[in-house]
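A.B. asks: Please see the structure below; I have some questions.
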Amino acid sequence: MKLYQLPYSHYSAKVSITLLEKGLAYEAPALDAGYQKSPEFLTLNPLGKVPFLQDGDFGIGESEVIVEYLEERYPHPALLPGTPHERARSRWLSRFHDLYLGPQLSTLYFALSDGRAGKPEFQPEVDRLHELVALLESQINPAPYFLGSQFTLADASYVLSYWYIGLLSKAHGKPVPDADMPRLVNWFAAVKQRASAASVLKAAEISLAQ
Ligand SMILES: N[C@@H](CCC(=O)N[C@@H](CS)C(=O)NCC(=O)O)C(=O)O
């Protein structure tokens with residue numbers, strides 16, 4: 001399998017963690033930032049976004065679609081819980097990440113280099129991140145993972161994004177204190193022990209330090 005990804009992309013991290021958790025062998029070529037818009041890549045993924053997975057002659061984009069595909073195609077170990085209610089809950093958390101928290105983190109990330117950071121008119125975007133973190137905090141009760149003792153796709157979604165919550169809220173001058181997200185803090189303490197999460201976090205740190 002070949003995963004087109006960027007090590008600092010929170011959507012890519014979700015797929016890398018899923019592949020690692022399932023013990024699936026894959027290659028991840030080093031890509032330059034902006035490779036997503038190259039003609040070569042656009043023929044694979046016309047949306048021009050990573051992650052994109054090539055599995056034999058089958059290629060698919062969009063992180064959540066990719067991990068759901070992997071779950072169906074390679075069901076062991078399972079990364080969705082057993083009951084319909086739990087599965088819906090896991091998917092709700094993944095959806096909340098992809099539609100709300102993830103894009104807000106992207107907004108804050110790009111603002112650091114496009115001149116918007118620090119401007120008074122940008123402050124609502126920073127406040128919005130705090131609101132989304134509070135909302136997420138109100139929706140979880142980790143034990144130690146979001147759905148209990150089983151690590152699921154929902155957990156995979158948030159590993160790199162949790163790290164970005166700290167990094168970006170601080171960079172924008174309004175850190176989210178641990179006291180505002182005690183459940184997430186406890187969740188991350190468990191999640192970062194996993195080899196999959198540790199390796200993806202390390203790769204992101206290295207790539208952002210370059
Ligand atoms: N909904 C997409 C979002 C993917 C995404 O936004 N990827 C970013 C990197 S984090 C990207 O490739 N952006 C390039 C662009 O939009 O031009 C997913 O879940 O895969």
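A.B. asks: So if I place +1 on the C-beta of Lys and Arg and -1 on the C-beta of Asp and Glu, and nothing else carries charge, what would the dipole magnitude of the chain be about its Cα centre? I want it in debye, nearest 20.
C.D. replies: Approximately 280 debye in magnitude.
A.B. asks: Still on this structure, please answer the following. Convert each backbone phi in region 42-56 into a coupling constant with the Karplus relation 6.51 cos²θ - 1.76 cosθ + 1.60 (shift: θ = phi - 60°), then list the ³J(HN,Hα) values in order as whole Hz, x for Gly and Pro.
C.D. replies: 3J(HN,Hα) across region 42-56, in whole Hz: 5, 5, 7, 10, x, 6, x, 9, 9, x, 9, 10, 10, 10, x.
A.B. asks: What ³J(HN,Hα) values, in whole Hz, does the Karplus curve 6.51 cos²θ - 1.76 cosθ + 1.60 give for region 118-131 when θ = phi - 60°, with x put for Gly and Pro?
C.D. replies: x, 6, x, 6, 8, 3, x, 5, 5, 4, 4, 4, 4, 5
A.B. asks: Largest first and to the nearest Å, give the Cα extent of the chain along each principal axis.
C.D. replies: 49, 43, 27
A.B. asks: If you don't mind, there's one more thing I want to ask. Determine the calculated [θ] at 222 nm for the chain from helices alone, applying -39500 (n - 2.57) to every DSSP H run no shorter than 4 residues and normalising by the residue count; nearest 500 deg cm²/dmol.
C.D. replies: That comes out to -17000 deg cm²/dmol.
A.B. asks: Oh, and also: If one computes P(r) from the Cα atoms of region 84-209, what percent of pairs lie at distances over 18 Å? If you can, show how the numbers build up before the last one.
C.D. replies: Working: 4151 of 7875 pairs.
Result for the distance tail: 53 percent.
A.B. asks: List the pairs from Lys37/Lys174; Lys22/Lys192; Lys37/Lys192; Lys14/Lys119; Lys14/Lys37; Lys2/Lys170 whose alpha-carbon separation is above 25 Å, in the order I gave them.
C.D. replies: Lys37/Lys174; Lys37/Lys192; Lys14/Lys119; Lys2/Lys170
A.B. asks: Let me ask you something else. Ranking Met181, Met1 by Cβ neighbours within 10 Å, fewest first, what do you get? Write down the numbers at each step before the final one.
C.D. replies: Details: Met181 21, Met1 15.
With the fewest neighbours first, Met181, Met1 line up as Met1, Met181.
A.B. asks: While we're on this one: Once the Cβ-Cβ distance between Glu121 and Ala33 is put in as r, and R0 is 25 Å, what FRET efficiency do you end up with, to the nearest 0.05?
C.D. replies: That gives a FRET efficiency of 0.40.
A.B. asks: Here's another thing I want to ask about it. Counting only residues 5 or more places away or on other chains, whose amide H sits under 5 Å from the amide H of Gly148 once H atoms are built in the peptide plane?
C.D. replies: Under 5 Å from the amide H of Gly148 lie the amide H atoms of Ala143, each far enough along the sequence or on another chain.
A.B. asks: Same structure again: From a point 7 Å beyond the Cα of Ile60 in the direction of its Cβ, which residues of region 122-161 have a backbone N at a distance under 14 Å?
C.D. replies: Hits in region 122-161 for Ile60 at 14 Å: none.
All of the numbers you see were taken from the coordinates with simple rules; none came from a lab. Note that the structure is a prediction, hence the values are computed from the model and not measured. Ideal geometry is used to build each Cβ from the backbone, glycine not excepted, and the neighbour counts take in all protein chains shown.
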